[in-house]
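Values in this text are rule-based calculations from the coordinates and carry no lab data. As the structure is a prediction and not an experimental result, all values here were calculated from the model. Using ideal geometry, Cβ is built from the backbone for each residue, glycine included, and neighbour counts are taken over all protein chains shown.
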Amino acid sequence: MTSPNTVLAAPGRPLRLGIAGGAPPSAIGPAHRIAAAMDRRFEIVAGVLSSRPERSRAEGVAIGLPADRCYGSVEEMIAAEARRPDGVEALSIITPNDSHARYVRAGLAAGLDLMVEKPLCNDLDEARGLAALARESGRVVALTHTYSGYPMLREMRSRILAGDLGEIRLIHVDYLAGGLATRVEDGPDADKRWRLRPEISGPSLVLGDIGTHAHHLARFVTGLEVESVSAEVGALVPGRIVHDVAQVRLRMRGGARGRIDVCNAAAGMSNQLLIRVFGETGHLEWSHRENGRLTFASLDGDVRISGSGQANLGPLALASTHLQRLGHPEGLHEAIANLYAGFADLILERQGRPAPPTARLTPTIGDGVAGLAFVQACLDSSARHGAQTPLPVLET
């Protein structure tokens, strides 16, 4: 089935977006809805907010969608919207991990452009198949690796790729969270926590959930690919059947070394993400806790701090800063909004309109495949007691 809604979007008109997933108590659902609408690049016109049809329709109405465009399933929404002259042109998939592949296939078959929550899916071979489908369809498939939307991480990337650190030698990424530091499996709402079920969350919860973020950031800011890994993956909390910790040593193509430590059972931590990149002449450091700051420390002891919105930043960081003239801090919603803006620019580029340089910063399905390759290599290495394990060379 091919959607009839393939006419070029009028200049300045928001693209019509359908959304799958995100009913309460989801935290990421509201973040996506706010971010998609923030720059008026998308208008959410239809939705399937829950896998339970009655609840889906009720929650859709609750967020302001027309009752006749609140659907009981994603397949129902795609079919019904394809019959409308004002039907959805793009689909945002923020459902549990095990459903991503099914909905990506359905969306591509209907001629829709897609924004998908990471991980792309739960299996590397399946990810490769989805990438092949996306190439055949010619549609845009973007991935919400949220942190790549932060202006100062984009500034970090620009400086590294411009050679400000010289040759890259060492990369450190820490992503520590504390949501699973206790036996939440024993809580009264445990049956509602799909992440605790490996058949839904995938072969490694910690690697799929936050490890893919850390892996993407290492690649994003340096432009380097991971050549091989030595990993230990497991659980800190006794009796847990999903992984909550991974410690990974990296060898990058070109010779740089690195490490990634990720844990969602680190008591007292709340999404503490820290990345440091060391080169020949100094290092750059960014922390999620102070996301509006980028620190450069040189060999001679000089330490300089750049702030989001400063006039001396590069064009990519400035173009990604919503509040640069006001000096206020920005955060999660603005970062995701930058990804949605890039998604919209890539859609318009496919329709023949030039895209700004920031569009190239939006993670795509290729990043999703790379993330699954990283997860698989880490699991293979861990099963062999940390043996150095190469990552496959992926089609670009």
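Got a sec? Charge dipole of the chain, +1 on Cβ for Lys and Arg, -1 for Asp and Glu; which of 264, 149, 205 is way out at the positive end?
Farthest towards the positive pole: 149.
Is any helix in the chain, taking whole DSSP H runs, at least 24 angstrom long along its axis by alpha carbon and on average at least 1.0 on the Kyte-Doolittle scale, and which ones?
Within the chain the helices that satisfy the rule are 365-383.
Going by amide H atoms built from the backbone, whose H comes under 5 Å of the H on residue 243, apart from near neighbours?
205, 206
Give me the net charge for the shell around residue 165: Cβ to Cβ below 9 angstrom, other residues only, Lys and Arg +1, Asp and Glu -1. Kindly include the intermediate steps, with their values, before the conclusion.
Details: positive: 159, 169; negative: 164, 167, 280.
Its environment carries a net charge of -1.
Enumerate the calculated ³J(HN,Hα) couplings along the range 176-182 in order (Karplus 6.51 cos²θ - 1.76 cosθ + 1.60, θ = phi - 60°), each rounded to whole Hz, writing x wherever the residue is Gly or Pro.
Result, ordered by residue: 10, 9, x, x, 10, 6, 10 Hz.
What is the range 18-115 by shape, rounded, prolate or oblate, if you read a ≥ b ≥ c off the alpha carbon gyration tensor as root eigenvalues and call it rounded for a/c under 1.5, prolate for a/b larger than b/c, and oblate otherwise?
rounded
Could you work out the relative contact order of the range 231-334? I mean the mean sequence separation of Cα pairs under 8 Å and 6+ apart, divided by the number of residues, in percent.
Reported as a whole number, the value is 12 percent.
Sum -39500 (n - 2.57) across every DSSP H segment of at least 4 residues in the chain, then divide by the residue count to get the 222 nm mean residue ellipticity, nearest 500.
-9500 deg cm²/dmol
Does the range 241-396 come out rounded, prolate or oblate, given a ≥ b ≥ c as the square roots of the eigenvalues of its C-alpha gyration tensor, rounded meaning a/c under 1.5 and, failing that, prolate meaning a/b above b/c?
The shape class here is oblate.
Charges at C-beta only: +1 for Lys and Arg, -1 for Asp and Glu. How large is the resulting dipole of the range 108-152 about its Cα centre, in Debye rounded to 20?
For this selection, approximately 160 debye.
Apply the Karplus parameterisation 6.51 cos²θ - 1.76 cosθ + 1.60, with θ equal to phi minus 60°, to every residue of the range 266-273 and state each ³J(HN,Hα) to the nearest whole Hz, in sequence, with x for glycine and proline.
3J(HN,Hα) across the range 266-273, in whole Hz: 8, 4, x, 9, 9, 6, 8, 10.
For the range 74-163, what does the alpha-carbon gyration tensor say about shape, rounded, prolate or oblate, given a ≥ b ≥ c as the root eigenvalues, a/c under 1.5 as rounded, and a/b over b/c as prolate? Provide the component values of the computation, followed by the final result.
On the way: a/c = 2.24, a/b = 1.77, b/c = 1.27.
Because a/c hits 1.5 or more and a/b exceeds b/c, the range 74-163 counts as prolate.
Once amide H atoms are built 1.01 Å from N in the peptide plane, which residues 5 or more positions from residue 142, or in another chain, come under 5 Å H to H?
It is 114, 115, 116, by chain and number.
Would you please name the GluC sites (Glu not before Pro) within the range 229-324 that are DSSP coil residues with at most 13 other C-beta atoms within 10 Å of their C-beta? Before the final figure, lay out the partial values.
Values: sites: 232, 280, 285, 290; in loops: 280.
Loop-located and lightly packed - 280.
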